[in-house]
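The values are calculated or read from the model by the stated rules, or taken from the named source; none is laboratory data. In this text, all values refer to a predicted model and were calculated from it rather than measured experimentally. Using ideal geometry, Cβ is built from the backbone for each residue, glycine included, and neighbour counts are taken over all protein chains shown.
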Amino acid sequence: MKAKDYLYMFLGVIITITILILCFQGISSTSDKIAFASIIVNVVIAVLVVAYFQNRESNSRSLKDYFINQISGIKCDYDKFIQQIKDEKLTPNEIKKKFKDFSIKNQQLEYFLKTELKLNTIYIQEQNRKIHKLITNSYEFNNLYDSIKFALENSTNNELIILHKDFNHHITSLIVEINKT
């Protein structure tokens with residue numbers, strides 16, 4: 001909790017004590033005083049519990065939103081990357097560098113998803129590796145490596161479309177799973 005929250009809580013306690021003192025002056029029987037005090041204590045406990053859980057839930061939601069934004073960013077970058085490959089806008093060397101960058105990002109993201117959100121079914125890097133292997137093991141990639149740009153054959157392109165669809169499906173499933181935790 002922040003200092004401001006502690007100040008409000010302190011003021012609430014002071015006001016509650018003042019109200020109790022003023023109310024007890026008009027109450028003569030001990031049972032009435034106990035009943036009134038228990039009502040006040042229950043209200044204070046309820047307020048503290050709600051404040052605690054609301055703060056905890058807010059922090060948890062912020063963390064989930066952060067990871068969802070990271071995953072969405074990776075998906076967007078990956079979609080652009082795949083489109084650049086299909087449009088023959090990248091050299092083989094640029095493709096290898098991009099795959100390396102994605103591998104680093106994916107491994108880091110998976111590590112934090114496992115440690116922070118306790119998710120064990122994260123396969124972003126595995127999906128990335130499948131696409132990486134498909135492209136870098138393709139005939140076109142290896143035989144035209146020194147060329148400026150290269151084009152995928154239809155069969156490789158079709159496999160790429162399927163793997164990219166699986167990658168996007170997995171990303172969406174991961175976002176759903178994060179929201180469920």
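Give the stretch 116-173 a look and list any residue that's within 30 Å of R61 (Cα to Cα) and aliphatic (A, V, I, L, M), or say none.
L117, L119, I122, I124, I171 - these are the residues of the stretch 116-173 that are within 30 Å of R61 (Cα to Cα) and aliphatic (A, V, I, L, M).
For every residue, the table says whether it meets (1) basic (K, R); (2) surrounded by 15 or more Cβ atoms within 10 Å (Cβ to Cβ); (3) part of a helix (DSSP H, G or I).
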position	(1), (2), (3)
E126	no, no, yes
F141	no, yes, yes
L152	no, yes, no
S155	no, no, yes
N158	no, no, yes
L163	no, yes, yes
H170	no, yes, yes
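Kindly check whether there is at least one residue in the stretch 53-65 that is surrounded by 12 or more Cβ atoms within 10 Å (Cβ to Cβ), of a type in the set (A, V, I, L, M, F, W, C) and at pLDDT 75 or above. Before the answer, list the steps.
Filtering the stretch 53-65 for residues surrounded by 12 or more Cβ atoms within 10 Å (Cβ to Cβ) gives 55, 60, 63-65.
Imposing the further condition that a residue be of a type in the set (A, V, I, L, M, F, W, C) reduces the set to 63.
Narrowing the set further to residues that are at pLDDT 75 or above leaves 63.
Yes, some residue in the stretch 53-65 is surrounded by 12 or more Cβ atoms within 10 Å (Cβ to Cβ), of a type in the set (A, V, I, L, M, F, W, C) and at pLDDT 75 or above.
Which condition breaks for L119 when tested against (1) over 30 Å from Y66 (Cα atoms); (2) surrounded by 12 or more Cβ atoms within 10 Å (Cβ to Cβ); (3) of a type outside the set (K, R)?
Only one criterion in (1) over 30 Å from Y66 (Cα atoms); (2) surrounded by 12 or more Cβ atoms within 10 Å (Cβ to Cβ); (3) of a type outside the set (K, R) is unmet by L119, namely (1).
Considering every residue within the stretch 78-89, establish whether at least one is at pLDDT 75 or above and of a type in the set (S, T, N, Q). Give the derivation first.
Applying the first criterion (at pLDDT 75 or above) to the stretch 78-89 yields 78-89.
Pick out the ones that are also of a type in the set (S, T, N, Q) and you get 83-84.
Within the stretch 78-89, one or more residues are at pLDDT 75 or above and of a type in the set (S, T, N, Q).
For the condition β-branched (V, I, T) and either over 30 Å from E177 (Cβ atoms) or at pLDDT below 75 (or both), what is the one hit in I71, I45?
I45
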